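The structure appears below as structure tokens.
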Amino acid sequence: MNLNQQQTAYLSDTYNRMEQKFRAECHRMNGRIPYISIDGAYPTWDESMINWWTNGFWGGIMWQLYHAENNSDYMSEASCLEEHLEKAFEHFDLLDHDVGFLWLHTAVAHYRLTGDPTARQRGLRAAAVLASRYCPAGEYIRAWNRPGLSQMIIDCVMNLPLLFWAASEGAGDHYRQIAIHHLDRVLTHIIREDGSCNHIVEFDEATGEVLNIPGGQGYGENSSWSRGQSWAIYGLALAYRYTKKTSYLNAAKTVAHYFLANIALTDYVSLIDFRAPADPVYYDTTASACAACGLLEIAEWVDELERPLYEKSAWKVYEKLTHDFSDWNPDRDGILQYGSAKYHRAEDRQVPIIYGDYFLLEASLRLQNKAFLIW
Ligand code: GLY
């Protein structure tokens, strides 16, 4: 993106603060896996949570910084996390559609950056887990492991690059076909005509018939959970990168336009849900940070006359988040404040969450043309 002098200086200043803070956190983490920072500190890590879907993001932060800074401390920390994740494979029955978030950010990033053969094996194993969740009648990848329920969710689109990667590593073209079938069902069952998205669609697994479209992590049924919208923007833009199917890019753009129209009402930071009651006001900055990366991904694939819409919007989001919603004190854990995992749980609302920091860092590096493609 072409930035003016003032923007370049701002970007450089915010990135330097980010890197300084992550460096301090890296020394404090020392092998722990961060999730939500409470009162400025990541709590003691609970080993029994090793399968939790966010456990890869700290690795993604470390690999991005290793790539940008060439500092081996970041590589050591990322490798340590990857070793811990071996235990997640032992609890195979707890793994779900989010295995991409766990291993794209760790083993696959490690392999892409260093060619490490063990890391490659781990990535391929994770891809096999994801592919094994495919439900042929409905042509979707099953989310979660809820007994008696077969559901697809929008979040899964961010995990599909694991299948595209595995196919490119010789795992078989069926990995790619599974990803494409799932993406086609996202277009028919998840993206609504106005550009918003469903979070969850429930199926009869045997026939592929849609049974129900329940509420998810947003306000409720028929609402518009902002992180789900941001997963769609970024996930569908990445799907275009891997397939060059214009229907995916067009869908990413449609959801992006819906997202931008909504965040324009709240000065470029997203609410948890765009169809929640006006009161109380709850933010989810992680949705904005993820969307900024998605907007920059779209910008890579549109022509020069369209590009400014996506680049300038991403910049506005980045500026808002780094100016008004970031804690730069290196002695406290967590940069991006006001992240929300879900609408209806107070402990998970308006707190610093590790994936918010990941996407903020990725947006910063993308704006500097220094990002490494984790996806
Ligand atoms: N499973 C991803 C999310 O909660 O957004």
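The values are calculated or read from the model by the stated rules, or taken from the named source; none is laboratory data. Note that the coordinates shown come from a computational prediction; the quantities given were computed from them, not determined experimentally. Positions of Cβ are backbone-derived with ideal geometry, glycine not excepted, and every protein chain shown enters the neighbour counts. Protein only, heavy atoms only, side chains kept; ligands, DNA and RNA dropped before computing areas. Shrake-Rupley method; radii C 1.70, N 1.55, O 1.52, S 1.80 Å.
Taken together, the criteria exclude Tyr258 from residues that are surrounded by fewer than 24 Cβ atoms within 10 Å (Cβ to Cβ), over 21 Å from Ala179 (Cα atoms) and within 16 Å of the ligand (Cβ to nearest atom).
Need at least 2 residues that are free of Cβ contacts under 8 Å to residues at least 40 places away in the same chain and surrounded by fewer than 24 Cβ atoms within 10 Å (Cβ to Cβ) per element, so show me which helices (runs of 4 or more DSSP H) inside the stretch 272-375 make the cut, counting only ones lying wholly within it.
On the way: elements: 285-301, 307-324, 354-367.
Where helices (runs of 4 or more DSSP H) fall fully within the stretch 272-375 and carry at least 2 residues being free of Cβ contacts under 8 Å to residues at least 40 places away in the same chain and surrounded by fewer than 24 Cβ atoms within 10 Å (Cβ to Cβ), they are 307-324.
Could you please let me know if Ala232 is surrounded by 15 or more Cβ atoms within 10 Å (Cβ to Cβ), aliphatic (A, V, I, L, M), touching a residue at least 24 places away in the same chain (Cβ under 8 Å) and within 16 Å of the ligand (Cβ to nearest atom)? Yes: the conditions hold for Ala232. For the stretch 113-163, a residue qualifies if it is touching a His at 6+ places or on another chain (Cβ under 9 Å) and polar (S, T, N, Q), and the qualifying residues are Thr118, Asn159.
Of the residues contained in the stretch 158-174, none is found to be open to solvent by 10 Å² or more (accessible area, probe 1.4 Å), in contact with a strand residue (DSSP E or B) (Cβ under 9 Å, 6 or more places away or on another chain) and polar (S, T, N, Q).
So, Leu85, is that one over 24 Å from Arg241 (Cβ atoms), under 19 Å from the mean Cα position of the chain (by Cα) and modelled with pLDDT of 95 or more or not? Yes: the conditions hold for Leu85.
Please tell me if Ile36 is within 30 Å of Ile153 (Cβ to Cβ) and touching a strand residue (DSSP E or B) at 6+ places or on another chain (Cβ under 7 Å).
When the stated conditions are applied, Ile36 passes them.
Within the stretch 59-72, identify whether any single residue is crowded, with 24+ Cβ neighbours inside 10 Å, within 20 Å of Glu169 (Cβ to Cβ) and either more than 16 Å from the ligand (Cβ to nearest atom) or free of Cβ contacts under 8 Å to residues at least 24 places away in the same chain (or both), and answer yes or no. Yes, the conditions are met somewhere in the stretch 59-72.
Mind telling me which of the residues Arg241, Arg227 ends up being in contact (Cβ under 8 Å) with a residue 60 or more places away in the chain and within 16 Å of the ligand (Cβ to nearest atom)?
Details: Arg241 fails: within 16 Å of the ligand (Cβ to nearest atom).
When all the criteria are applied, what remains is Arg227.
The set of residues from the stretch 181-200 being touching a residue at least 60 places away in the same chain (Cβ under 8 Å), open to solvent by less than 20 Å² (accessible area, probe 1.4 Å) and at negative phi comprises Leu183, Val186, Ser196. Of all residue pairs spaced 6 or more apart or on separate chains, none has beta-carbon atoms under 8 Å together with a first member in the stretch 149-162 that is at pLDDT below 95 and a second member that is more than 9 Å from the ligand (Cβ to nearest atom) and open to solvent by 10 Å² or more (accessible area, probe 1.4 Å). Candidates Ala143, Ala78, Ala109, Ala127: the one that is over 25 Å from Ala252 (Cβ atoms) and open to solvent by less than 10 Å² (accessible area, probe 1.4 Å) is Ala78. For the stretch 7-26, the condition holds for no residue, the condition being that it is open to solvent by 50 Å² or more (accessible area, probe 1.4 Å), out of contact with any strand residue (DSSP E or B) (no Cβ under 8 Å at 6 or more places or on another chain) and not in a helix (DSSP H, G or I).
The helices (runs of 4 or more DSSP H) located wholly in the stretch 113-219 that include 1 or more residues which are within 16 Å of the ligand (Cβ to nearest atom) and of a type in the set (Val, Ile, Thr) occupy 117-131.
Of the residues making up the stretch 201-229, just one is among the aromatic types (Phe, Trp, Tyr), open to solvent by less than 50 Å² (accessible area, probe 1.4 Å) and more than 19 Å from the chain's Cα centre (by Cα), namely Phe203. Looking at Asp98, Asp93, just one residue is within 16 Å of the ligand (Cβ to nearest atom), farther than 21 Å from Gly31 by Cβ and either among the hydrophobic types (A, V, I, L, M, F, W, C) or in contact (Cβ under 8 Å) with a residue 40 or more places away in the chain (or both), and that residue is Asp98.
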